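The values are calculated or read from the model by the stated rules, or taken from the named source; none is laboratory data. In this text, all values refer to a predicted model and were calculated from it rather than measured experimentally. All Cβ positions, even for glycine, are placed from backbone atoms using ideal geometry, and neighbour counts span all protein chains on display. Note: areas computed on protein heavy atoms with side chains; ligands, DNA, RNA excluded. Shrake-Rupley method; radii C 1.70, N 1.55, O 1.52, S 1.80 Å.
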Amino acid sequence: MATYRNATAARTIVGRLDHNKDLLEELIAVCKAENVKLAALTAIGAVRKARIGFYNQQAREYQFIELDEPLEILSLVGNVSLRDGEPMVHAHITLGTEAGDAYGGHLAPGTTVFACEFIMQQLDGPEFVREYDDETGLPLWRRQ
Ligand code: ZN
């Protein structure tokens with residue numbers, strides 16, 4: 001059975017991130033400053049360079065791709081929950097090249113903002129806490 005609980009929309013935080021900052025770290029900083037523990041997240045914009053991950057299911061570890069070029073953030077979709085008592089942003093990103101091709105993956109530290117507009121929909125409800133999951137090797141939401 002799926003693991004889920006009810007949450008209700010609380011407030012929406014809308015903003016832009018600063019040029020040259022780390023995309024993932026800045027989103028986490030907003031969560032900490034605003035005490036966001038549970039949220040849905042979207043963003044668009046552009047990055048100067050990116051680092052994205054692919055989870056190797058056999059090796060049970062992330063492989064990272066470094067993209068050292070300007071890219072459009074075509075879509076960033078993610079969520080906020082708690083890990084070790086701190087807000088954790090889990091986001092996936094689709095990045096567009098000058099030629100119109102796309103890369104995509106798990107957003108990792110090392111992605112530098114050129115410009116980024118985000119919308120964070122904070123939710124009220126039970127805490128969603130991440131803990132190590134034996135089946136996948138990932139920090140997944142704890143089952144009830
Ligand atoms: Zn992921």
- Query: Do we have residue 44 as outside any loop (DSSP other than H, G, I, E, B), within 16 Å of the ligand (Cβ to nearest atom), within 17 Å of the chain's Cα centre (by Cα) and among the aliphatic types (A, V, I, L, M) here?
  - Reply: no
- Message: Which of the numbered conditions does residue 122 fail, given that it passes all the others? Conditions: (1) within 15 Å of the ligand (Cβ to nearest atom); (2) of a type outside the set (A, V, I, L, M); (3) open to solvent by less than 30 Å² (accessible area, probe 1.4 Å).
- Response: (1)
- Note on the structure: When segment 130-144 is checked residue by residue, the ones that are open to solvent by 100 Å² or more (accessible area, probe 1.4 Å) and in contact with a Ser or Thr (Cβ under 7 Å, 6 or more places away or on another chain) are 143, 144
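Every residue, every condition in (1) under 14 Å from the mean Cα position of the chain (by Cα); (2) free of Cβ contacts under 8 Å to residues at least 12 places away in the same chain; (3) at positive phi, yes or no:
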residue: 96; (1), (2), (3): no, no, no
residue: 107; (1), (2), (3): yes, no, no
residue: 119; (1), (2), (3): yes, no, no
residue: 129; (1), (2), (3): no, no, no
residue: 134; (1), (2), (3): no, yes, no
residue: 138; (1), (2), (3): no, no, no
- Item | Filter result for the condition that a residue is among the hydroxyl-bearing types (Ser, Thr, Tyr), open to solvent by 10 Å² or more (accessible area, probe 1.4 Å), at pLDDT 95 or above and within 14 Å of the chain's Cα centre (by Cα), over 75, 81 | 75
- Task: Residue by residue through segment 8-56, note down the ones that are among the aliphatic types (A, V, I, L, M), more than 23 Å from residue 95 (Cβ to Cβ) and surrounded by fewer than 16 Cβ atoms within 10 Å (Cβ to Cβ).
- Result: 9, 10, 33
- Which residue out of 98, 117, 127 is part of a strand (DSSP E or B), charged (D, E, K, R) and open to solvent by 80 Å² or more (accessible area, probe 1.4 Å)? 117
- For segment 8-37, name all the residues that are among the hydrophobic types (A, V, I, L, M, F, W, C) and in a helix (DSSP H, G or I). 23, 24, 27, 28, 29, 30, 31, 33
- Residues of segment 105-114 satisfying the condition of being open to solvent by less than 50 Å² (accessible area, probe 1.4 Å) and assigned to a strand (DSSP E or B): 105, 106, 107, 112, 113
